[in-house]
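The values are calculated or read from the model by the stated rules, or taken from the named source; none is laboratory data. Here the structure is a predicted model, which is why all the values come from computation and not from measurement. In this analysis, Cβ positions are derived from the backbone assuming ideal geometry, glycine residues included, and neighbour counts consider all displayed protein chains. For the accessible areas, the whole protein counts, side chains as well, though only heavy atoms, and no ligand, DNA or RNA atoms are used. Shrake-Rupley method; radii C 1.70, N 1.55, O 1.52, S 1.80 Å.
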Amino acid sequence: MTVLRSACPLDCPDACTLDVTVDGGRVTKVRGSTLNPLTAGRICGKVMHMDRHLYGSDRVLTPLIRTGPKGSGSFREASWDEALGAIAEAMRTARDTHGGTSILPCSYGGSNGYLTEGTYNRRLFSRLGASRLRRDVCAMTAGAALGGLYGKMPGVALTDYSAARLIVVWGTNPHATGIHVIPHIQVAQKAGAKLIVVDPRTTQLAKRADLHLAPHPATDGVLALAVARLLFEGGHADRTFLEEHCHGAAEFERRARARALEDAAAITGIDADAIRSFADLYAAGDPAVIRCGWGLERNRNGASSVAAVLALPAVANKFGVRAGGYTASNSGAWSFDPESVAGAVAQETRTAFLTQLGAALTELTDPPVHVLYVYNGNPLMTCPDQERVRRGLLREDLFVAVHDAVMTDTARHADVVLPATTFLEHDELARGYGAYVLNRATAVVEPAGQSRSNAEVFDGLLDRLGLARDGDIRDPGAMAAAIVAAHPGGDRLATELDTVGIARPDSGEGPIQMADVHPRTESGRIELVPEPLDSDLPRGLYGYVPAPDSRHPLVMITPADRRAITSTFFQLVGGIAQIRLHPDDAAARGITNGAAVRIHNDLGEVLCDARVTDGIRPGVVWMPKGLWAKHTRSGATSNALIPAALSDCGESTAYNEARVEVTLA
Ligand SMILES: Nc1nc2c(c(=O)[nH]1)N[C@H]1C(S)=C(S)[C@@H](COP(=O)(O)OP(=O)(O)OC[C@H]3O[C@@H](n4cnc5c(=O)[nH]c(N)nc54)[C@H](O)[C@@H]3O)O[C@H]1N2
Ligand SMILES: Nc1nc2c(c(=O)[nH]1)N[C@H]1C(S)=C(S)[C@@H](COP(=O)(O)OP(=O)(O)OC[C@H]3O[C@@H](n4cnc5c(=O)[nH]c(N)nc54)[C@H](O)[C@@H]3O)O[C@H]1N2
Ligand code: SF4
Ligand SMILES: [Mo]
């Protein structure tokens, strides 16, 4: 029995370091280590039970080739040689007959590491001249706001939250999506810090908050501007700071003052007094930090909402002290260029949007997509407009390859399925989801069955297609080393990775905003009304777009579930899923706890069970993201009801505002 070091590359902001117990060549225990101070020896239940994922019945252990009709899930075992040969042949034929752009790689958040994404894959697909994928299902809207205002200035480290005296948790649910900030919030609360939670649901943190505001989805911008207005009116704006460090302050103030508090209360569904309490607590709190999550970006006002929230610390100048400012994604702390290191080439090509995958597969012409290669993703379950994605996958003239560790619903629609290693079975250089730390991890066990890593498979295809070039880095260890070496300050990073296995950015792990790190906008200032965001938005930045009329009265939100990372690990959960609705909405429809219901709109329907709870505001219903087909009676999940419409800045989709009706099934 040995205990080996590893690190988690899953789509989670915490980037945990792990101690993995291996017994007889099998993983028997996974625990958090203390190498990453944020992990501090604790991890989530998902990865703690990683052995169930590794050795579960859904694991794909050999290459598979389809035998039944498309989507039937009937396969026979095949050798790697046969499976890779079939994929290479499909790619070669597509490229030679229709052009490289008829090949579409499709991936998202399965693994946030450079050896699984951004290197080997890009080298292969760029040399094939394949279509590019805009990987836009997550964080692009929030990223547009953060980039516009601050040029992605890194944020307050989650470990610094203990030092805050006012904490605002806005549109994020850390008990599910990033547990390690919670102990730091608790330490702060014990020391007298106040906690505000802004969420349409009564999350676990909301129950412990001094103030919980539950806005109508998509109205956060109106709420944040109302708070800004009160800060200006109450003399809590720092005029000197605004003058010296910001651009657009006067215009921002004009827009914040344009709406009366009572109107903001009516739009958001929050009492004017509660908004006043927010402003009072925020003005008085020092240090004050806002944890801005992703729940508020996924709607028609997403960019304006995130921008308005992120503007608050500038208005009141909460910066310049430890634990003062904001936290969003910290991806701006690093500047790697894995594509160049891997030898990806610049090419003329077209770009397809992941949020529009259904349309890309069914409507693109000149040329249509003929080969879809899926890895690090489960697009049938995670992309909007699910039925269109399904129709696309079922096209007889589309060749679909899926590389995954488990038989996902997407994989069931493949022509060829390839077994993938998990992060405990391959080497990785992992950054997590906008985390401060960089982890290097080495495989702790041999691959299960015949599974292979992304690096191996992409490299194998590169050879088969005759696309390898002299000087290409093939070995994953050498690739990781070259990526690190190409980073400014790479020598220091390499030493840290070699000696302890974890590295920090130049800014350190807990920088003070506006002291250690500064806006990376062109002007070097905080841009409160940044171009081109302002002119790109239909009503300008901070302009509120009201909800369109709809025959479907309820708003469905689809937050993360603590048992899964989007769909990853959800195969391990049985039973029929529940849609949560408020007692008033349930009573109006004759729905009782546990009733079988039909959730529907013009796009489709989902059949599952109802759970009646006052933990959500009236008019809003919620269903977890990432469900599998087996979790509903119709095989369709929330994404069958979510249109592929883009968010306000066109960067992502509106996962949190589908209009639906719920009726007894
Ligand atoms: N266990 C687990 N952890 C995860 C994930 C997972 O699926 N499971 N996913 C990972 C990924 S990919 C991401 S992007 C992050 C996401 O992390 P979070 O930002 O925490 O994401 P969500 O759970 O989608 O949404 C957070 C909260 O936003 C609320 N919300 C919905 N609409 C609105 C709104 O209009 N306004 C406001 N104020 N709140 C709203 C929801 O009720 C929810 O409680 O988590 C990562 N971590
Ligand atoms: N309704 C709704 N849908 C949503 C969202 C929402 O809020 N609501 N949120 C969106 C968000 S935030 C995100 S990030 C996306 C996530 O979208 P996806 O990335 O499609 O979601 P996952 O379920 O994480 O799927 C990742 C897959 O990658 C596989 N994988 C992991 N590691 C490897 C590897 O090393 N190699 C290979 N080949 N495969 C690997 C996993 O087994 C898993 O099947 O979903 C989006 N979908
Ligand atoms: S999913 Fe997040 S909390 Fe769980 S082990 Fe990975 S990084 Fe840590
Ligand atoms: Mo995400």
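The figures follow:
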{"read-out": "Mean separation of Cα contacts under 8 Å, 6 or more apart, over the residue count of the chain: relative contact order %", "value": "21"}
{"read-out": "Phi-based couplings in Hz for region 422-433 (Karplus 6.51, -1.76, 1.60; Gly and Pro marked x)", "value": "9, 5, 8, 10, 9, 7, 8, 10, 10, 10, x, 9"}
{"read-out": "Fully extended contour minus Cα-Cα distance, from Ala258 to Ala629, at 0.36 nm per residue", "value": "128.9 nm"}
{"read-out": "For region 123-158 and region 615-665, distance of Cα centres in Å", "value": "24"}
{"read-out": "Tensor-based shape of region 210-338 (alpha-carbon gyration tensor, a/c under 1.5 rounded, otherwise prolate or oblate)", "value": "oblate"}
{"read-out": "The chain: Cα Rg divided by the 2.2 N^0.38 Å rule of thumb", "value": "0.94"}
{"read-out": "Separation between Cα centres of region 376-404 and region 182-257, rounded to whole Å", "value": "40"}
{"read-out": "In degrees, nearest ten, helix 220-233 long axis to first principal axis of the chain (Cα)", "value": "30"}
{"read-out": "Distance between region 543-603 and region 1-15 - C-alpha centres, whole angstrom", "value": "32"}
{"read-out": "Gyration tensor (alpha-carbon) shape descriptor, region 196-269, a/c threshold 1.5", "value": "prolate"}
{"read-out": "For peptides 404-415, 235-246, sequence by mean Cβ density within 10 Å, most packed first", "value": "404-415, 235-246"}
{"read-out": "Potential lengthening between Asp81 and Asp273 on full extension [0.36 nm per residue; Cα-Cα distance subtracted]", "value": "62.3 nm"}
{"read-out": "Peptides ranked, highest mean first, by Cβ atoms within 10 Å: ranges 550-563, 126-139", "value": "126-139, 550-563"}
{"read-out": "Reachable lysines from Lys152, criterion Cα separation under 23 angstrom, eight or more residues apart if same chain", "value": "Lys318"}
{"read-out": "FRET efficiency, 1/(1 + (r/R0)^6) with R0 56 Å, evaluated for Asp96 and His175 via beta carbons", "value": "0.60"}
{"read-out": "Sorted peptide list for 311-317, 458-464, criterion being average Cβ within 10 angstrom, highest first", "value": "311-317, 458-464"}
{"read-out": "Lysines with Cα under 24 Å of Lys46, excluding same-chain neighbours fewer than 8 positions away", "value": "Lys29, Lys207, Lys625, Lys630"}
{"read-out": "Rel. contact order, % - alpha carbon contacts under 8 angstrom, at least six apart, region 374-498", "value": "16"}
{"read-out": "Sequence of Lys194, Lys46, Lys625, Lys207 from largest to smallest accessible area, 1.4 Å probe", "value": "Lys207, Lys194, Lys625, Lys46"}
{"read-out": "Additional length obtainable on full extension of the chain from Thr2 to Glu531, 0.36 nm per residue less Cα span", "value": "184.9 nm"}
{"read-out": "Heavy-atom surface of the chain, accessible at 1.4 Å and reported per residue (Å²)", "value": "35"}
{"read-out": "Whole-number Å³ per residue for the convex hull built on Cα positions in region 2-55", "value": "69"}
{"read-out": "Whole-number Å³ per residue for the convex hull built on Cα positions in region 554-664", "value": "100"}
{"read-out": "Global form of region 451-524, assessed from the alpha-carbon gyration tensor, a/c cut-off 1.5", "value": "prolate"}
{"read-out": "Hydrodynamic radius by Kirkwood, which averages 1/r over all alpha carbon pairs of region 333-476, in angstrom", "value": "17.4"}
{"read-out": "The chain: angle of helix 140-150 to the longest principal axis, Cα-based, in degrees nearest 10", "value": "50"}
